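Engineer: Before I ask anything, let me first share the structure, which is written out below as structure tokens.
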2 protein chains.
Amino acid sequence: MPEYRKDIILDEWVIIATERAKRPENFKEQIIKVDNKALNVCPFDRGNESMTPPESLRIDNRGNEVGKDSPWQVRVVPNKFPALVPNAQPFSQQYGPYMVMDGFGLHEVVVQSPEHITNISELSRWQVELIISVYIRRLIAIKKDNRIESVIIMLNQGKEAGASLEHSHSQIFALPLTPPNLMNEISRTRNYFNQNHRCAMCDIINFETKEDKRVVYENKEFVMLQPYASRNPFETWIVPKRHDSNFENISAQEANSFAQCLKVLVDFFYIDLNNPPFNYYIHTGTLDGTKDNSHYHWHLELEPKLSIKAGFEIATGIDICITTPEYTADYMKAGDFFKA
Amino acid sequence: MPEYRKDIILDEWVIIATERAKRPENFKEQIIKVDNKALNVCPFDRGNESMTPPESLRIDNRGNEVGKDSPWQVRVVPNKFPALVPNAQPFSQQYGPYMVMDGFGLHEVVVQSPEHITNISELSRWQVELIISVYIRRLIAIKKDNRIESVIIMLNQGKEAGASLEHSHSQIFALPLTPPNLMNEISRTRNYFNQNHRCAMCDIINFETKEDKRVVYENKEFVMLQPYASRNPFETWIVPKRHDSNFENISAQEANSFAQCLKVLVDFFYIDLNNPPFNYYIHTGTLDGTKDNSHYHWHLELEPKLSIKAGFEIATGIDICITTPEYTADYMKAGDFFKA
């Protein structure tokens with residue numbers, strides 16, 4: 001059973017999940033092994049469906065939910081080595097000066113194609129649209145459980161970014177608490193709203209589209225930019241122009257626009273930057289009923305792993321970025337990927 | 001000139017330091033090149049002193065400060081590709097909805113040996129004592145500048161941990177602000193003190209030495225433990241038994257005890273765990289004159305890079321640890337390294 005633990009110095013939850021240590025692993029080697037199709041049968045390939053736990057969603061290539069034995073385009077299954085489990089209680093206990101809580105939550109995998117592809121860029125535009133629609137369906141379904149407070153949808157691209165199976169997949173985590181990075185964004189933009197009576201992200205969109213130094217792409221519904229306080233070279237945000245706190249509220253038209261942005265962006269990384277590792281994740285409003293989230297502006301953040309986070313970053317929490325976002329924006333706009 | 005930048009969503013400073021991009025680097029390759037002695041002349045080796053900027057401290061093998069042309073055992077020099085520079089002003093300006101500030105600060109390198117060694121474990125016990133004494137001397141000297149608010153002393157071991165030169169070295173950063181990770185520790189343990197009228201770390205030492213599940217080593221002055229809410233496999237803290245907010249207040253005897261702990265720990269990583277990458281850093285009280293830090297308890301944290309921080313950790317700020325600290329403590333105590 002995974003556990004949340006909290007000490008009194010850092011005073012933040014960590015998850016101790018030793019299920020993952022069941023994988024072949026040896027701390028005397030420096031590299032975590034990645035299961036490789038050449039060595040192993042891939043549990044995400046078409047035909048190997050019985051190798052995963054029972055699925056929570058299966059859709060066909062037209063986006064329709066279909067039954068267990070039908071041909072599929074996207075499947076959602078519980079993670080076989082979950083960091084969080086549903087059969088647990090989200091109530092903490094005291095242990096000496098510390099706190100401990102069962103590792104309650106959901107940890108799901110979105111299998112993005114029945115074919116063995118290893119980069120999300122290999123998906124076509126309509127396949128990316130299917131992935132987005134699956135994100136939204138799962139988000140709406142998961143939010144019905146009132147023990148869940150936040151949902152994180154994310155993708156690890158490449159083993160250096162943490163992908164332990166190479167077959168392209170996203171992951172969905174549902175937590176009984178709001179994690180600190182999301183909590184900080186929500187509470188700090190709440191302060192900004194209380195001071196200014198404006199959304200901080202709406203102000204950023206207005207400023208950046210006028211300033212035109214860091215915006216790399218824009219369509220009717222979305223802006224894509226290199227953030228001013230960029231933490232990594234080529235860090236990119238995809239931000240909806242229409243203010244909404246919750247990702248799942250987007251219209252079908254907005255979902256297609258969002259998929260267009262995401263497809264362009266991952267193609268740039270795959271083709272122009274030669275397939276570097278990256279993570280992306282969606283930050284969307286939480287479900288803590290005691291706090292209004294309507295000031296918050298959902299968005300996607302993509303963080304490339306193009307530089308190493310070293311002792312300074314770990315000790316301080318301050319990232320050092322070795323490029324300016326103005327430079328990377330110019331580079332991105334100079335190529336063909338982000339032409340309107 | 002490096003810059004501190006802050007946006008209004010994350011609301012935390014980052015450092016944009018493009019000096020470092022002058023190194024041979026190509027974002028289309030996935031691995032940042034490490035200067036290698038076989039390819040390049042090492043600027044930290046004996047005889048190549050002119051390749052570094054002028055040094056701020058040079059000591060001989062008896063620990064005495066010596067002049068420019070004398071034989072040396074440890075040198076402290078400004079970083080040639082600094083993330084922070086002293087000839088700047090620590091005052092921020094508004095830029096649209098953001099804040100920006102010159103990259104004021106110090107960024108120094110502690111060259112740990114005139115010989116070309118690549119792991120701190122290759123230093124003998126007395127050499128580690130010299131390194132500790134150099135840390136303390138620089139900390140005391142730097143604190144005289146009242147523009148400085150916090151000092152971070154740290155080491156990156158191995159290129160995967162961010163060491164861009166393989167010759168063993170530590171780094172010292174002096175900042176005009178208190179970084180968020182240190183700020184969180186100080187303010188949360190201040191809350192703990194205000195509630196309980198006891199130091200949180202003193203409570204941890206008392207609990208852990210009684211509980212005897214996570215303490216791996218103890219001498220008269222220090223306790224070494226696997227923290228209860230461990231963020232990484234084999235994360236280790238070295239904590240002084242005597243409560244003090246400031247590292248530089250340790251006695252000569254305590255400094256030797258601290259060096260003994262550090263030497264045992266890095267030997268374990270180098271020999272038993274087969275030289276994995278890690279970072280260590282010292283968290284010590286800040287110099288913000290408006291806030292009392294006397295409740296804070298300085299310590300060293302060593303973070304191994306034995307698992308990858310993936311999208312979940314980046315999106316949430318919650319670490320997933322795939323071992324329990326009880327398990328790693330048992331493993332460490334079973335060997336010969338940590339016998340009293």
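Engineer: Where does each of A:ASP7, B:ASP60 land when they are ranked from fewest to most other beta-carbon atoms within 10 angstrom?
Structural biologist: B:ASP60, A:ASP7
Engineer: In whole percent, what relative contact order does region B:181-334 give with Cα contacts below 8 Å and a gap of six or more residues? Please list the in-between numbers first.
Structural biologist: Values: 220 pairs, mean separation 47.3, N = 154.
This gives 31 percent for region B:181-334.
Engineer: To make sure I understand, if each residue's beta carbon is the centre and we count other beta carbons within 10 Å, what order do B:ASP203, B:ASP330 fall in, fewest to most?
Structural biologist: Sorted ascending by nearby Cβ count, the order is B:ASP330, B:ASP203.
Engineer: Rounded to the nearest 500, what is chain B's calculated 222 nm mean residue ellipticity when only DSSP H runs of at least 4 contribute -39500 (n - 2.57) each, over all residues? List each step's numbers first, then the result.
Structural biologist: On the way: 6 runs with 79 residues, N = 340.
Helix-only estimate at 222 nm: -7500 deg cm²/dmol.
Engineer: Here's something else I'd like to know. What ranking of B:THR284, A:THR118 emerges when the number of other C-beta atoms within 10 Å of each C-beta is taken as an exposure proxy, fewest first? The partial results should precede the final answer.
Structural biologist: Details: B:THR284 25, A:THR118 16.
Starting with the residue having the fewest Cβ neighbours, the order is A:THR118, B:THR284.
Engineer: Which part of region B:232-265 falls in the paramagnetic zone of B:ILE117, meaning amide N under 18 Å from the point 7 Å along Cα-to-beta-carbon?
Structural biologist: Under 18 Å, as judged by backbone N against the label point of B:ILE117, lie B:256-265 of region B:232-265.
Engineer: In nm to one decimal, list the spacings between the B:GLN253 label point and its equivalents in the other copies, with label points set 7 Å along Cα to Cβ, shortest first.
Structural biologist: Between copies, matching label points for B:GLN253 lie 7.8 nm apart.
Engineer: For peptide A:320-329, what's the mean number of Cβ atoms from other chains within 10 Å of each residue's Cβ?
Structural biologist: Whole-number average of other-chain Cβ neighbours for A:320-329 is 6.
Engineer: Give the nm distances, rounded to one decimal, from A:GLU122 to the matching residue in every other copy, measuring between label points 7 Å along Cα toward the beta carbon; shortest first.
Structural biologist: Distances between equivalent label points, in nm: 4.2.
Engineer: Mind checking which aspartates and glutamates have their C-alpha under 12 Å from B:LYS291, skipping anything on the same chain fewer than 8 residues away?
Structural biologist: Excluding near neighbours in sequence, the set is B:GLU149.
Engineer: Another question, then. Note down the nm distance, to one decimal, between modelled labels 7 Å out along Cα→Cβ at B:TRP126 and at B:VAL41.
Structural biologist: It works out to 3.1 nm between the two label points.
Engineer: Here's another thing I want to ask about it. Which residue in chain A puts its Cβ closest to the axis that rotates chain A onto chain B, and at what distance in whole Å?
Structural biologist: Nearest to the symmetry axis by Cβ: A:LYS309, 4.
Engineer: What's the FRET efficiency of B:ALA334 with B:ASN275 using the Cβ-Cβ distance as r and R₀ = 30 Å, to the nearest 0.05?
Structural biologist: It comes to 0.90.
Engineer: Given the pairs A:LYS144/A:LYS333; B:LYS213/B:LYS309; B:LYS6/B:LYS241; A:LYS6/B:LYS241; A:LYS309/B:LYS263; B:LYS144/B:LYS210, which are separated by over 30 angstrom at their Cα positions?
Structural biologist: Long pairs (Cα-Cα over 30 Å): A:LYS144/A:LYS333; B:LYS6/B:LYS241; B:LYS144/B:LYS210.
Engineer: At 15 Å minimum axial length over the Cα atoms and a Kyte-Doolittle cut of -0.5, report the qualifying DSSP H helices in chain A, or say none.
Structural biologist: Correct list, ordered by number: A:125-142, A:200-211, A:252-267.
Engineer: How far apart are the A:ASN48 label points across copies, placing each 7 Å from Cα toward Cβ, in nm, shortest first?
Structural biologist: Values, ascending and in nm: 4.6.
Engineer: To continue, here is another question. Have a look at A:GLY285, A:GLY47, A:GLY158 and tell me which one the Gaussian network model of chain A (Cα, springs below 10 Å) gives the largest fluctuation.
Structural biologist: Answer for the Gaussian network model of chain A: A:GLY47.
Engineer: Residues of region A:94-111 with backbone nitrogen within less than 20 Å of a virtual label 7 Å along the Cα-to-Cβ line of A:SER50, please, listed as ranges.
Structural biologist: Counting only backbone N, you get no residues.
Engineer: Please check: in the Gaussian network model of chain B (C-alpha springs, under 10 Å), which one of B:GLU211, B:GLU185, B:GLU115 has the largest mean-square fluctuation.
Structural biologist: Looking only at B:GLU211, B:GLU185, B:GLU115, the biggest GNM fluctuation is shown by B:GLU211.
Engineer: Related question: For A:ASN219 paired with A:LYS68, estimate the spin-label separation in nm (one decimal), with each label point 7 Å from Cα along the Cα-to-Cβ line.
Structural biologist: About 3.8 nm separates the two model spin labels.
Engineer: So which residue, out of A:TYR98, A:TYR327, A:TYR217, gets the largest mean-square fluctuation from a GNM of chain A using Cα contacts under 10 Å as springs?
Structural biologist: Taking springs between Cα atoms under 10 Å, the residue moving most is A:TYR98.
Engineer: For region B:93-215, report the convex hull volume of the alpha-carbon atoms normalised per residue, in Å³, without decimals.
Structural biologist: Hull volume normalised by residue count: 205 Å³.
Engineer: Excluding residues on the same chain fewer than 8 positions from A:LYS305, give the aspartates and glutamates whose Cα lies under 18 Å from its Cα.
Structural biologist: Leaving aside aspartates and glutamates fewer than 8 places away in the same chain, those within reach of A:LYS305 are A:GLU160, A:GLU166, A:GLU235, A:ASP267, A:ASP272, A:GLU313, A:ASP319, B:GLU25, B:GLU29, B:GLU160, B:GLU313, B:ASP319.
Engineer: Shifting gears a bit: Compute the relative contact order of chain A as a whole-number percentage, counting only Cα pairs closer than 8 Å that sit 6 or more residues apart in sequence.
Structural biologist: Working: 620 pairs, mean separation 54.0, N = 340.
Dividing the mean separation by the residue count of chain A yields 16 percent.
Since every read-out is calculated from the coordinates, none of them should be taken as a lab result. What you see is a predicted model; the values in this text were computed from it and never measured. Positions of Cβ are backbone-derived with ideal geometry, glycine not excepted, and every protein chain shown enters the neighbour counts.
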